[in-house]
Amino acid sequence: MSSSRKVIITCAVTGAIHTPTMSRHLPVTPAEISAAAHGAAEAGAAIVHLHARQPDDGKPTQDPEMFRRFLPEIRQASSVVINITTGGAPTMSVAERLQPALQLQPEVASLNMGSMNFGLYEMIPRYSDWKYDWERPYLAESDERIFKNTFRDIAHILQSCSGNGTRFEIECYDIGHLYTAAHFLDRGLLTPPLFIQSVFGIRGGIGPHAEDVLHMKRTADRLFGVDYQWSVLGAGGKQMYIATQSVILGGNARVGLEDSLWIGPGKLASSNAEQVAKIRRIIEELGLEIATPEDARRILGLKGASQVAF
C-alpha cells in the first residue's frame with residue numbers, strides 16, 4: 001500500500017433506514033439535506049450519497065422532484081461528487097427507485113447487486129414514543145420484506161442509464177454480490193474501474209466481523225484485480241472500526257447518518273460532518289491523504305459535474 005495514495009471519503013447523509021424518531025440530527029427537509037451535504041464536503045467528503053425524504057414526516061421518497069429541491073443547491077455550493085441512490089427503500093418498486101438516477105443523470109448512482117432480506121425490526125425496542133405513524137410499521141414489517149433486485153432488474157437499471165454517462169457505486173451486501181458484479185462485468189454492462197462498496201452489518205447480509213471484511217477484500221481482489229476501487233460501510237456501532245480496517249487494507253471509506261447515527265458509544269453524532277471529520281483524522285493519522293472531489297473523479301473515471309441534468 002503506497003503511503004502517497006489518496007483515500008476517498010463518501011458520506012451518506014440520510015438514507016432510508018433510520019427514522020426521525022431516532023435522532024433529531026437526521027436530515028429530512030431539502031434544506032437540511034443540502035446543508036448536511038455541504039457540511040460533509042467541507043469536512044472532507046469527496047462524494048455525498050443522497051436519498052430524499054418527504055419534508056413533512058421524513059418518509060423516504062424517490063420522487064425526482066424532491067431531489068430537484070436540493071441537488072442544484074448542493075452542486076452550486078460545492079464541487080463534491082453527487083451520488084444518487086437507485087436503492088431507495090425496500091418498500092419501493094424497481095421502476096420507482098430508478099427514476100431519480102434516470103432523469104437527473106448524476107456522476108454516480110448506487111446499485112445493489114441482488115435481492116435480499118433487509119431486517120430493520122431489531123431497532124424497534126430501543127424506542128417507545130414514535131414521532132410519526134409510519135415509522136414503527138415500516139420497521140416492524142421488514143421481517144417479511146425482501147429488497148428486490150433480480151438479475152433482470154440490475155440489467156434494466158444498467159441499460160436504462162447506459163447513455164447518460166453515470167457510473168455506479170456497486171453495493172455488495174454479501175460475497176455472492178461480488179460474483180454478480182463480475183457477471184455484469186463479463187456481460188459488458190459494467191466497465192472498469194468498478195467502484196465496489198462492501199456493506200457490513202445489515203441483517204440479511206454479511207456480518208461486521210473483521211474476518212468478514214477480509215473475506216470481502218480477498219474475493220474482490222481475486223475477481224477484479226487492479227480494475228476496481230474498494231470502499232466499505234459498516235452499519236451501526238461498527239462504522240468506524242470497519243472504515244478504519246478498509247483504509248489499512250488499501251481501501252476507501254463511507255460514513256454518514258444513513259449508516260450509523262452514532263459518533264461514539266452511546267453518543268449520537270451531531271451531524272454528518274462530525275463523522276466525516278472523525279474518519280478524516282484517522283486517515284491522516286495513518287499518514288495518508290484524503291481525496292478531493294477532483295481526485296475522486298480522476299480515480300473513478302467520472303464524467304464531471306457539468307454533465308449532470310440538474
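Assorted remarks:
- Take the conditions (1) assigned to a loop (DSSP other than H, G, I, E, B); (2) out of contact with any strand residue (DSSP E or B) (no Cβ under 7 Å at 6 or more places or on another chain); (3) loosely packed, with under 15 Cβ neighbours inside 10 Å; ARG218 misses just one of them, which is (1).
- Residues of region 66-102 satisfying the condition of being more than 21 Å from LEU158 (Cβ to Cβ) and not in a loop (DSSP other than H, G, I, E, B): MET66, LEU71, PRO72, GLU73, ILE74, ARG75, GLN76, ALA77
- Residue, farthest from ALA291 (Cα to Cα), within region 15-55, restricted to residues that are in contact with a Gly (Cβ under 8 Å, 6 or more places away or on another chain), of a type outside the set (A, V, I, L, M, F, W, C) and part of a loop (DSSP other than H, G, I, E, B): THR19
- Scanning region 75-99 for residues that are over 17 Å from the mean Cα position of the chain (by Cα) and under 28 Å from ILE290 (Cα atoms), we see that the one that is surrounded by the fewest Cβ atoms within 10 Å (Cβ to Cβ) is GLN76.
- Identity of the residue in region 271-291, in a loop (DSSP other than H, G, I, E, B) and under 18 Å from the mean Cα position of the chain (by Cα), that ends up surrounded by the most Cβ atoms within 10 Å (Cβ to Cβ): ALA291
- Among the candidates GLU107, GLU171, GLU135, the residue that is surrounded by 20 or more Cβ atoms within 10 Å (Cβ to Cβ) and in contact with an Asp or Glu (Cβ under 9 Å, 6 or more places away or on another chain) is uniquely GLU135.
- Screening ILE206 with (1) in contact (Cβ under 8 Å) with a residue 40 or more places away in the chain; (2) farther than 16 Å from GLY44 by Cα; (3) buried (at least 20 other Cβ atoms within 10 Å of the Cβ); (4) hydrophobic (A, V, I, L, M, F, W, C) gives one miss only, at (1).
- If the condition is being in contact (Cβ under 8 Å) with a residue 24 or more places away in the chain and of a type outside the set (A, V, I, L, M), then region 134-151 contributes TRP134, GLU135, TYR138, SER142, ASP143, ARG145, PHE147, LYS148, ASN149, THR150, PHE151.
- Within region 119-136, none of the residues are within 16 Å of the chain's Cα centre (by Cα) and of a type outside the set (A, V, I, L, M, F, W, C).
- Candidates are the residues of region 171-191 that are without any contact (Cβ under 8 Å) to a residue 60 or more places away in the chain and outside any helix (DSSP H, G or I); the one that is nearest to LEU120 (Cα to Cα) is CYS172.
- Residue in region 57-73 that is among the small types (Gly, Ala, Ser) and over 23 Å from GLU169 (Cβ atoms) present: yes
Any read-out appearing in this document is the output of simple, stated calculations on the displayed coordinates, not a laboratory observation. These numbers come from a predicted model, not from an experiment. Using ideal geometry, Cβ is built from the backbone for each residue, glycine included, and neighbour counts are taken over all protein chains shown.
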